[in-house]
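Let me begin by presenting the structure, written as C-alpha coordinates, before commenting on it.
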Amino acid sequence: MTGMRRWVGLALGLVLVAAGPSRACGDRSVGAASSLDCGRFAHEPKALRGITAAHNRVRARAGRHRGHALADLVWSCRLAHVAQAYAETLAKRGCRLKHSQNSYGENLYWSYGFTPSAQQIVASWASEGSCNDYARCGHYTQIVWPSTARLGCGVARCGREQIWVCNYDPPGNYRVDSHSSHR
(Lines give C-alpha, C1' and ligand atoms only; values in the text may rest on other atoms or scores of the structure.)
Protein backbone atom coordinates (compact mmCIF):
# COMPACT_ATOMS: atom_id res chain seq x y z
CA MET A 1 0.00 0.00 0.00
CA THR A 2 1.35 3.37 -1.03
CA GLY A 3 2.42 5.64 1.79
CA MET A 4 1.91 2.99 4.41
CA ARG A 5 4.81 1.39 6.18
CA ARG A 6 4.66 -2.24 7.04
CA TRP A 7 6.50 -3.34 10.12
CA VAL A 8 7.52 -6.87 10.61
CA GLY A 9 8.44 -8.62 13.82
CA LEU A 10 9.23 -12.26 14.16
CA ALA A 11 10.00 -14.26 17.24
CA LEU A 12 11.69 -17.62 17.30
CA GLY A 13 12.66 -19.65 20.33
CA LEU A 14 14.46 -22.80 21.20
CA VAL A 15 15.75 -23.98 24.49
CA LEU A 16 18.52 -26.44 25.14
CA VAL A 17 19.40 -28.50 28.18
CA ALA A 18 22.41 -27.29 30.17
CA ALA A 19 25.39 -29.57 30.50
CA GLY A 20 26.58 -28.43 33.88
CA PRO A 21 26.41 -25.94 36.73
CA SER A 22 26.19 -22.25 36.05
CA ARG A 23 28.94 -19.82 36.97
CA ALA A 24 27.12 -16.63 36.12
CA CYS A 25 28.67 -13.34 37.11
CA GLY A 26 26.45 -10.56 38.30
CA ASP A 27 24.29 -12.89 40.34
CA ARG A 28 24.67 -14.95 43.49
CA SER A 29 26.13 -18.01 41.76
CA VAL A 30 29.57 -16.67 40.87
CA GLY A 31 32.00 -19.54 40.90
CA ALA A 32 35.75 -19.55 41.38
CA ALA A 33 36.24 -20.24 37.68
CA SER A 34 34.29 -17.11 36.75
CA SER A 35 36.63 -14.21 36.11
CA LEU A 36 34.42 -12.22 33.76
CA ASP A 37 34.32 -8.50 34.45
CA CYS A 38 30.69 -7.42 34.13
CA GLY A 39 31.61 -4.02 32.72
CA ARG A 40 28.79 -2.62 30.60
CA PHE A 41 26.62 -5.65 31.41
CA ALA A 42 26.56 -5.23 35.21
CA HIS A 43 23.05 -3.86 34.69
CA GLU A 44 20.66 -3.91 31.76
CA PRO A 45 22.06 -1.72 28.97
CA LYS A 46 19.85 1.19 27.88
CA ALA A 47 18.61 -0.64 24.75
CA LEU A 48 17.41 -3.51 26.96
CA ARG A 49 16.02 -1.46 29.83
CA GLY A 50 13.03 -3.14 31.42
CA ILE A 51 13.52 -6.59 29.91
CA THR A 52 14.05 -8.33 33.27
CA ALA A 53 11.00 -6.59 34.77
CA ALA A 54 8.91 -7.55 31.70
CA HIS A 55 9.93 -11.20 32.13
CA ASN A 56 9.08 -11.03 35.83
CA ARG A 57 5.62 -9.57 35.15
CA VAL A 58 4.88 -12.54 32.87
CA ARG A 59 6.17 -14.93 35.55
CA ALA A 60 4.01 -13.26 38.22
CA ARG A 61 0.87 -13.61 36.04
CA ALA A 62 1.71 -17.25 35.30
CA GLY A 63 2.27 -17.95 38.99
CA ARG A 64 -1.10 -16.45 39.94
CA HIS A 65 -2.76 -18.49 37.19
CA ARG A 66 -1.11 -21.70 38.39
CA GLY A 67 -1.71 -20.99 42.05
CA HIS A 68 1.96 -20.82 43.07
CA ALA A 69 4.50 -18.02 42.83
CA LEU A 70 7.40 -18.18 40.41
CA ALA A 71 10.64 -16.61 41.62
CA ASP A 72 11.78 -13.46 39.87
CA LEU A 73 14.57 -13.80 37.35
CA VAL A 74 17.78 -11.88 38.04
CA TRP A 75 20.02 -10.21 35.47
CA SER A 76 23.24 -12.12 34.78
CA CYS A 77 26.12 -10.31 33.16
CA ARG A 78 27.61 -13.64 32.02
CA LEU A 79 24.43 -14.51 30.13
CA ALA A 80 24.27 -10.94 28.78
CA HIS A 81 27.84 -11.25 27.46
CA VAL A 82 26.95 -14.54 25.75
CA ALA A 83 23.71 -13.13 24.31
CA GLN A 84 25.34 -9.91 23.08
CA ALA A 85 28.20 -11.78 21.42
CA TYR A 86 25.74 -14.03 19.63
CA ALA A 87 23.50 -11.12 18.58
CA GLU A 88 26.58 -9.48 17.03
CA THR A 89 27.48 -12.76 15.29
CA LEU A 90 23.98 -12.97 13.81
CA ALA A 91 24.20 -9.33 12.69
CA LYS A 92 27.47 -10.06 10.87
CA ARG A 93 25.66 -12.93 9.11
CA GLY A 94 22.91 -10.66 7.80
CA CYS A 95 20.50 -10.88 10.76
CA ARG A 96 19.31 -14.36 9.83
CA LEU A 97 17.78 -16.18 12.79
CA LYS A 98 19.63 -19.28 13.82
CA HIS A 99 19.99 -20.64 17.32
CA SER A 100 23.41 -20.71 18.93
CA GLN A 101 23.31 -24.28 20.27
CA ASN A 102 24.84 -23.04 23.53
CA SER A 103 23.99 -24.69 26.85
CA TYR A 104 21.48 -22.00 27.91
CA GLY A 105 17.83 -21.54 27.14
CA GLU A 106 17.46 -19.08 24.28
CA ASN A 107 14.76 -16.85 22.79
CA LEU A 108 15.37 -14.90 19.57
CA TYR A 109 13.47 -11.95 18.13
CA TRP A 110 13.90 -10.20 14.79
CA SER A 111 12.47 -6.85 13.72
CA TYR A 112 12.63 -4.78 10.56
CA GLY A 113 11.95 -1.08 10.20
CA PHE A 114 11.23 -0.28 13.83
CA THR A 115 12.87 -0.48 17.21
CA PRO A 116 10.73 -2.58 19.52
CA SER A 117 10.81 -1.99 23.25
CA ALA A 118 11.90 -4.70 25.64
CA GLN A 119 8.29 -4.91 26.81
CA GLN A 120 7.02 -5.47 23.25
CA ILE A 121 9.49 -8.29 22.68
CA VAL A 122 8.64 -10.09 25.91
CA ALA A 123 4.92 -9.56 25.19
CA SER A 124 5.43 -11.19 21.79
CA TRP A 125 7.03 -14.23 23.39
CA ALA A 126 4.43 -14.30 26.18
CA SER A 127 1.56 -14.22 23.68
CA GLU A 128 2.06 -17.98 23.34
CA GLY A 129 0.74 -18.38 26.91
CA SER A 130 -2.44 -20.18 25.91
CA CYS A 131 -0.52 -22.78 23.92
CA ASN A 132 0.23 -26.20 25.46
CA ASP A 133 2.69 -27.56 22.87
CA TYR A 134 6.31 -27.30 24.02
CA ALA A 135 7.63 -27.27 20.46
CA ARG A 136 5.37 -24.41 19.33
CA CYS A 137 5.28 -22.41 22.56
CA GLY A 138 8.94 -22.39 23.46
CA HIS A 139 9.27 -18.66 24.09
CA TYR A 140 6.54 -18.52 26.71
CA THR A 141 7.44 -21.76 28.45
CA GLN A 142 11.08 -20.65 28.71
CA ILE A 143 10.02 -17.39 30.36
CA VAL A 144 7.86 -19.15 32.95
CA TRP A 145 9.95 -22.28 33.51
CA PRO A 146 9.96 -22.70 37.31
CA SER A 147 13.65 -23.57 37.75
CA THR A 148 14.99 -20.78 35.51
CA ALA A 149 16.65 -18.19 37.76
CA ARG A 150 18.84 -15.94 35.58
CA LEU A 151 18.62 -14.13 32.28
CA GLY A 152 20.86 -12.01 30.12
CA CYS A 153 20.06 -10.44 26.76
CA GLY A 154 21.74 -8.68 23.87
CA VAL A 155 20.70 -6.75 20.77
CA ALA A 156 22.45 -5.92 17.51
CA ARG A 157 21.56 -4.10 14.28
CA CYS A 158 22.17 -4.78 10.64
CA GLY A 159 20.76 -1.92 8.62
CA ARG A 160 17.06 -1.51 9.44
CA GLU A 161 16.92 -4.90 11.12
CA GLN A 162 17.48 -5.84 14.75
CA ILE A 163 18.24 -9.16 16.36
CA TRP A 164 17.45 -9.69 20.06
CA VAL A 165 18.84 -12.66 21.97
CA CYS A 166 17.92 -13.67 25.52
CA ASN A 167 19.65 -16.53 27.33
CA TYR A 168 18.22 -18.31 30.40
CA ASP A 169 19.90 -20.37 33.11
CA PRO A 170 19.14 -23.00 34.06
CA PRO A 171 17.41 -23.62 30.75
CA GLY A 172 13.82 -24.71 30.70
CA ASN A 173 11.17 -25.64 28.22
CA TYR A 174 12.03 -29.27 27.92
CA ARG A 175 10.20 -32.45 28.74
CA VAL A 176 11.84 -35.81 29.09
CA ASP A 177 9.90 -39.00 29.63
CA SER A 178 10.28 -42.65 28.71
CA HIS A 179 8.63 -42.17 25.29
CA SER A 180 9.94 -38.86 24.01
CA SER A 181 12.32 -36.00 24.52
CA HIS A 182 11.37 -32.44 23.59
CA ARG A 183 13.88 -29.64 23.72
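The residue that is modelled with the lowest pLDDT, among those in the range 145-172 that are open to solvent by less than 10 Å² (accessible area, probe 1.4 Å) and farther than 28 Å from residue 114 by Cα, is 172.
Only residues that are part of a loop (DSSP other than H, G, I, E, B) and open to solvent by less than 50 Å² (accessible area, probe 1.4 Å) were counted across the range 80-102, and they come to 6. Considering the range 50-79, the residues that are outside any helix (DSSP H, G or I), in contact (Cβ under 8 Å) with a residue 60 or more places away in the chain and open to solvent by 50 Å² or more (accessible area, probe 1.4 Å) include one that is nearest to residue 147 (Cα to Cα), namely 71.
The values are calculated or read from the model by the stated rules, or taken from the named source; none is laboratory data. What you are looking at is a predicted structure, and each value in this text was computed from that prediction instead of being measured. So basically every Cβ, Gly included, is an ideal-geometry build from the backbone, and we count neighbours across all protein chains shown. Ligands, DNA and RNA are stripped out before the accessible areas are found, and what is left, the full protein with its side chains, is counted by its heavy atoms. Shrake-Rupley method; radii C 1.70, N 1.55, O 1.52, S 1.80 Å.
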